[in-house]
Amino acid sequence: MISKTSKRASTFVCVLFLAGTACADEEMDQILETAMPYMHHSCGSVIETYEDDEEGIAQIVRLMAMVSLYNREIDVLQAVPDETDRSLLKDEFVEELEDACDDDPGMLLAGAVDLAVKETMEAFE
């Protein structure tokens, strides 16, 4: 079940990491407003609810990751300036997200994404 997360999360990583995270407060407010209806989902419930909508799950993960990066004040382009290293972030993020969700499918997806962002960025320090 969680292995589908890797397919969906990879879309998020490509878009997010190429775009950086330098968001104005107004943009972040809009992202938060868009993400709020999904914050109650666990790793398992988001896949059950949106099982036929890979792009929908990717969008939810993308939103939660943007919130996590913003809250942690991480600009991926600045933190990992090497393009080759940034391409490795995707695999690391997916692995960390799968680990978090496999360990606890009932974990809130936002928490699992935040943990995956934290662990991923620590791996590249």
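The values are calculated or read from the model by the stated rules, or taken from the named source; none is laboratory data. All figures in this text were calculated on a predicted structure; none of them were measured in a lab. Backbone-built Cβ (ideal geometry, glycine too); neighbour counts: all protein chains shown.
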Selection status of residue 58, farther than 16 Å from residue 28 by Cα, touching a helix residue (DSSP H, G or I) at 6+ places or on another chain (Cβ under 8 Å), modelled with pLDDT of 95 or more and assigned to a helix (DSSP H, G or I): no
Checking the conditions here, which among 115, 63 is free of Cβ contacts under 8 Å to residues at least 40 places away in the same chain and within 15 Å of residue 31 (Cβ to Cβ)? 63
Residue list for the stretch 68-125, filter: touching a strand residue (DSSP E or B) at 6+ places or on another chain (Cβ under 8 Å) and not aliphatic (A, V, I, L, M): 105, 106
Qualifying positions in the stretch 50-65 - touching a Phe, Trp or Tyr at 6+ places or on another chain (Cβ under 9 Å) and either over 10 Å from residue 113 (Cβ atoms) or not small (Gly, Ala, Ser) (or both): 56, 57, 58, 59, 60, 61, 62, 63, 64
Selected residue (only one of 73, 96 is surrounded by 22 or more Cβ atoms within 10 Å (Cβ to Cβ) and free of Cβ contacts under 8 Å to residues at least 40 places away in the same chain): 96
